[in-house]
1. Nothing charged except the Cβ atoms of Lys and Arg (+1) and of Asp and Glu (-1): what's the magnitude of the dipole of chain B about its Cα centre? Round to the nearest 20 debye.
2. What ³J(HN,Hα) values, in whole Hz, does the Karplus curve 6.51 cos²θ - 1.76 cosθ + 1.60 give for segment C:138-149 when θ = phi - 60°, with x put for Gly and Pro?
3. Measure up A:LYS221/A:LYS290; C:LYS117/C:LYS144; C:LYS17/C:LYS104 against 25 Å on the Cα-Cα distance and list the ones that go over.
4. Which aspartates and glutamates, if any, have their Cα less than 14 Å from the Cα of B:LYS282, not counting same-chain residues under 8 positions apart?
5. With a 10 Å Cβ neighbour count serving as the proxy for reagent exposure, in which order, fewest first, do C:PHE279, B:PHE37 appear?
6. With both partners inside the protein assembly as shown, how many of the DSSP beta bridges are antiparallel, as a percent to the nearest 5?
7. List, in the order given, every pair from A:LYS248/B:LYS152; A:LYS252/A:LYS307; C:LYS273/C:LYS298 whose Cα-Cα distance in the structure shown is over 26 Å.
8. What list of ³J(HN,Hα) values in whole Hz, one per residue of segment C:224-233 in order, does the Karplus curve 6.51 cos²θ - 1.76 cosθ + 1.60 (θ = phi - 60°) give from phi, with Gly and Pro shown as x?
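Computed from the coordinates by the stated procedures, all read-outs in this text should not be read as laboratory data. Not measured: the values here are computed from a predicted model. No Cβ is skipped: glycine too gets one built from the backbone with ideal geometry, and neighbour counts run over all protein chains shown.
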Amino acid sequence: MRVITYLEAVREAMQQEMRQNDDVYILGEDIGLYGGAFGVTRGMIEEFGPERVRNTPISESGIAGAAVGSALTGMRPILELQFSDFITIATDQMVNQAAKLRYMYGGKGNVPMVLRTPSGSGTGAAAQHSQSLEAWMTHIPGLKVIQPSTAYDAKGLLKAAIDDANPVVFYEHKLLYGTKSEVPEDLYSIPIGVADVKREGTDITIVATAVMVHKSLEAAKELEKEGISVEVVDPRTLVPLDEETIVKSVAKTGHLVVVHEAVKRGGYGGEIASMIAESEAFDYLDAPIKRLGGVAAPIPYNPELEKLAVPQVPDIIKAVKETLNKA
Amino acid sequence: MAKEIFMPKLSSTMEVGTLLQWLKEEGDPVQVGDPLFEIMTDKINIEVESYEEGVLLKKYYEVDDEVPINTIIGYIGEAGETVPDEPPASEGEEVQEEVDSPKAEKTTMEQEQEELEEVEGQVGKVRATPAARRVARENDLSLETISGSGPKGRIHEQDVLDAVKENAVLITPLAEKMAKDHQLDVRKIEGTGIRGKIEKSDVERYLSSQKVREEEPAERVKLKGLRKAVADKMLESARSIPHVTLTTEVDMTKVIDIRKNLLPIVENETGYRLSFTEIIIKSTAHTLTKHRNINASLIDNEIVYNKAVNIGLAVAVDNGLIVPSIHDADKKGLAELTAVSKTLGKKARDSKLTPAEMTGSTFTISNLGMYAIDGFTPIINPPETAILGVGRITEKPVVVDGNITVRPMMVLSLSFDHRAIDGAPAAAFLTELKETLENPYSLFV
Amino acid sequence: MSKNRLEDLQVEFSHDKLKELYKTMWDIRFFEEKVDEFFAKGMIHGTTHLCVGQEASAVGSCAVLQEEDKITSTHRGHGHCIAKGAEVDRMMAELFGRTTGYCKGKGGSMHIADVDKGNLGANGIVGGGIPLAVGSALTSYMKKLNYVTVCYFGDGATNEGSFHEALNLAAVWNLPVVFICENNQYGMSGPVKDMVKIENISERAKSYGFPGVTIDGNDMIEVMNATNEAVERARSDQGPTLIEMKTYRWKGHSKSDARLYRTREEENEWKEKDPIKRFKDVLIEANVFSEEDAEAIKQAAKQDIENSVTFAQNSPMPTEDDLLTDVYA
């Protein structure tokens, strides 16, 4: 099959959707000729014109609200925020408006929009352009939250997000834009709320998100040499969460390590860990659940410090061994 | 400032001390070195002296209280100083020093760790993972009996599975079904199959044995009377006397010859048939006259070397054992010994012995030669210090002058009280007895 | 010069339509007074923000809209809802928390929406609805639906970032939206003169490159004329307009307001400018109806509100089964 990058997969999903559905359009800052902060929309304004690839003023609150309002009245906007850190400015529109309108209005109206935004560290962009704030959005009833880790998942999940009748926050990881995988040329949809077992194993389950999926797979490869069989589960969507797949895996292996880049304190790993503690899988746990997440500090600029701030492969290996009493 | 009085740790294994008495009262002046209180540890009773000078301000514990080591049990200080009404939380001196020493503020991590350990200490429960608990529950195993391989002894699933395997009962499906139908605990059934596997026949046997047991309950008789007396005496002897038993084999050819020749003579004179027992009594008494240290009693930390040689003869009676005494056995001929021993034996069986006839023995002989017994380790009849056990006479191939020949042989076992008698004199006695029996003509000398 | 005031109205309205508008004003007035009474009696819970005294800005602006036109409203939104055609029965039921309410009892006073009638909802976040209106206008523009979106907000909201972001966005995209600022003199307790340095809030439109006007918000004729002009501009692709309607809320900000920040004299001065009385005078002067007709309309409105209370009180309460419905579509 054809191999393309994660970035191309995101773009392709948008292009193919926009070709078949006139209600779909994209708005955001510098997404026109510039092609977006990371080049995701490059070439799109040429194909779809400035009406459907709407270059906006730098007004995250205004454009988020415009997306919500147009979604409420029949459009299917894709809002690109240049960095997920800027969701702070758009938060009122996402949290108080998009997420709640349908419920507040007694089931009248819905807000079919996608907020696409790159998150994560590793680019040296430092504290205000490197955060992973997805846990905030997972806390809000009415929002769906997606975090794809591969090009294949990105295309299929973005299509599903655009088709969804609800506001969806779609986190793209900057370090993954250049990663490649096999992606079908035709448009396809991956159901929201279905996890993917990225690697099967029997001794321990790692639930990892976004770039940490790849680090966990790397760790699993290393651990295999020592006879440790690691299962890597990628939830792909945080809300709704595919609890069944995770519970099943943990019941099988009896051991769980959760890895994400977001700051560990208050991170989504806590949700996964508590979900397991409350689940059928509890009685199969043969060691305390371990969470790996970012340190409780802003992302630093210095590249060495930046690496230290988030989990790395050796940290994952160590956590696995500790959990298996093999440290 | 008032100084704490701690329950001292006086041995490596001591965990608690029992307070036996306070040697000072609250308000009493105390000098360094004054005995303060007496405690009992797992090893010793000891008076604990004061390390401090002042007034005993407070006693937190009463006599007979068990107090963990390093617990504050009181205070010494100046009169009128205030001390807590309740004993403060226990802290050893080591801990005290650590707290006193200047130290940078603890990091959050260290504090968390300490808090964690505190929690563990308080919980006092088995550390086990949920999976381990589940498997234990499913297999009806108690976690208390399982040792954990994880950090701080945490029990993991594999630990329980290992324990389950150890406890596993091998059983055929049919046997298992039968056991289930009869609600039997398979762990109580003995298996006769490969590696102790329980088979159908094992279950059937168990069921029938259960039936017998149900139909004929075991007879239970309380220990009393003679049985109780024997029991007490044997227990006391076995428990308090360090027994050593020597054995030797005796060629009885000549004794048999003598008995054959003397049998009609003695029977004519006394009406009783001469038995080997009397010849052995005679030989033993004779030998004892030359080994006074064996004819001894141990009474109240004194070894009594008896002048008289009174041979006790163990007689089996209904429900017990009686040892009548043949006084001055060394001075009696075989005819008289035969008459006396037969008379005493009968009286014993008829419960007609007088107290005098039942006491005073200085050495006992226990003869099981009428049974298929070769040798045994007799238990000393206190306060005596030795006893001779006599086995049967049986023909055995023995080497005599380089040739294998068949001889009637008998085993003698001498148990002695090692508190009173050492091995060499006991061995010398038994050797001479053996020689006497093998050359009984010496008795006539 | 002897012409009556009604002749200034630049919109062609039948007498019946004018009488209907007059009744709608009374519907709003009675609705709010009833709500005030029920809150005071503890029969309705939560909080509420009443628009007594502001009936003209709501009724006059909605009068010139078509059914397919849309509005976004504010926390003080009952008037806008009624003016845009909402049924008072279902509004009252909503305040009573009943399943027959516009939001099935789950939205309450601040979130009444009637999407079918083009009411995209009241909004509890000050300034929160302004970008939504821009989005709605964007839909109209992109789908060539030719509807206009009227966006209501108060003087306080014009200091929110969302106001400036939304107005600029509407301007650069030239969207069919009318921004109506109901300047009722106070943002909660904050006097507008202390919060804004300019005389008229409408001046802010200049900085975004579209017209801004300030009118007497208690004058139905001025409200209808100004809105009509702005709607015409919007519908003919001439972009947004900002209309500042000066008015006054007679009641406090919400139910727990002792109104310490203003004088009773000031309140009485504004009550003299009662928009309903002024509209009645205009209609009588123009022989649209008599004093008696006016009284009959008023009584009819009063009866409708009484009926709405009966309807609300006889409506079922939601159950636990309703708790989790409509979180997601």
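1. About 4580 debye.
2. 4, 4, 4, 5, 5, 8, 6, 8, 6, 8, 10, 10
3. Numbers: A:LYS221/A:LYS290 20 Å; C:LYS117/C:LYS144 19 Å; C:LYS17/C:LYS104 31 Å.
Exceeds cut-off: C:LYS17/C:LYS104.
4. B:ASP328, B:ASP330, B:GLU336, B:GLU432, B:GLU435, B:GLU438
5. On the way: C:PHE279 27, B:PHE37 24.
Fewest-to-most ranking of C:PHE279, B:PHE37: B:PHE37, C:PHE279.
6. Values: 65 of 127 bridges.
Of all bridge pairs located within the protein assembly as shown, approximately 50 percent are antiparallel.
7. Details: A:LYS248/B:LYS152 29 Å; A:LYS252/A:LYS307 32 Å; C:LYS273/C:LYS298 18 Å.
With Cα atoms farther than 26 Å apart: A:LYS248/B:LYS152; A:LYS252/A:LYS307.
8. 5, 5, 5, 5, 4, 4, 5, 5, 4, 4
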